[in-house]
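Please treat every number below as a calculation from the coordinates, not as lab data. As the structure is a computational prediction, the values presented were derived from the model and not from experiment. No Cβ is skipped: glycine too gets one built from the backbone with ideal geometry, and neighbour counts run over all protein chains shown.
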Amino acid sequence: MKNLTHKTFTNKTDKKIGLSDSYRIVSIGEAIQPLLDSGYDVLSTTISKVRNPERDGLQKHLVRLARVEDIVDYRGARTKSHFPTINVVNAHDGSAALRVEFGVFRMVCANGLWAGSAFESHRLAHRGLKLQEKVNALIPAIAASQDMVMQRVARLQQYRPSDAEIDFLACTAFAAKDLFSFNSLSKYAIEHVLHFISRSTFRIEDNSDDLWTIFNRLQELTVRGSKGFKLPSVNQKTELIQSRAWRPINSIDRSRAVNQTLWEAAEYVLEGKVA
C-alpha cells in the first residue's frame, strides 16, 4: 500500500497538461511524509479512473491515514470500534489543491467516513517549494481536529433519535443519492424507500438505535449501494418508474459530498432542530 502511495503519482512530474509554469507537481508521497514521520501510516488509497490515457497519473487520488497504533489494532486485536483518520486528496491536472481533511474509520464494516464541513480543512496550493514545512506546521491543528471529531462521535453515540428524526436522516440520504427520484416519486413510493433504508442493517452491530449507528447504516447504504435490494427510482430520460439497486458511489468528490451531507444532517438532529 505504501508503494502505491509513494510511487504511483511521482512518475509524471514533467507532465503539465494545460497548466501554467508556476504550477508545481506535488507527489502525494512528498505531501504525507511529515505525517508518516509523526506516527501516522497509510490506511487505504483510492485513485480516480480516467478516460483520457494522457491524464493517467495526473488524476485525483485519496489517501487515508491513521495513527500507527490504530491501524495495528484494526489488523490485529480490534479492540476499538472506530478511530479518526486524515483524508488527503490531491491531483496533478490543476483540478484541485492538495486538501487535508478529517474522517472516521469504522472497523466493523471497514468503512471510511468524511467528517462534516464544520471541521476545519486545509488547502495547500500547488505553488511554492516548502510543502513539507507547511504540512509539518499543520500537525498540531490536525491532532486537535481529530480529537474534536471523536468528541462529536461520542455525542452521536449517546443520542437516541425519534422516528421523525430517523425519517429526516433517511430523506437526506435518499435525496443525496437520487435527487431526481426523490423529487419525482409519489409520497407512497418515497415512504417505501425511507422505511427500507432507515431500517436496513448489514450486521448485528448495526442493530443499535443510537444516532451514530443509524448514520453509519445510511452512509454505508448510500455510498456502497443497496447490493441485492431493489428500490423504486425514476428514469431521467423516460420519466418511467423502475426498480433497481442503488449503485456504489466511486467518485472521490461525490463520496465526500454525500458523506458530509449526511454528517451535517446527523449534527442537525443532534442539535434538536428537527421538528
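Quick look at the numbers
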item: Relative exposure of Thr222, Thr46, Thr201, judged by other C-beta atoms within 10 Å (fewest first); result: Thr201, Thr46, Thr222
item: Residue order, fewest to most beta carbons within 10 Å, for Tyr188, Tyr40; result: Tyr188, Tyr40
item: Positive-end extreme of charge dipole, the stretch 130-205 - chosen from Tyr159, Val135, Ala189 (charges on Cβ); result: Val135
item: Backbone HN-Hα couplings from phi across the stretch 33-48 [Karplus 6.51/-1.76/1.60, Hz, Gly and Pro as x]; result: 4, x, 6, 4, 5, 9, x, 9, 9, 6, 9, 7, 9, 9, 10, 5
item: Pairs beyond 29 Å (Cα-Cα), from Lys49/Lys237; Lys80/Lys187; Lys60/Lys273; Lys49/Lys230; Lys237/Lys273; Lys49/Lys227; result: Lys80/Lys187; Lys60/Lys273; Lys237/Lys273
item: Formal net charge of residues neighbouring Leu231 (Cβ-Cβ distance under 10 Å; K, R +1; D, E -1); result: +2
item: Least to most buried among Arg244, Arg51 (fewest other Cβ within 10 Å first); result: Arg51, Arg244
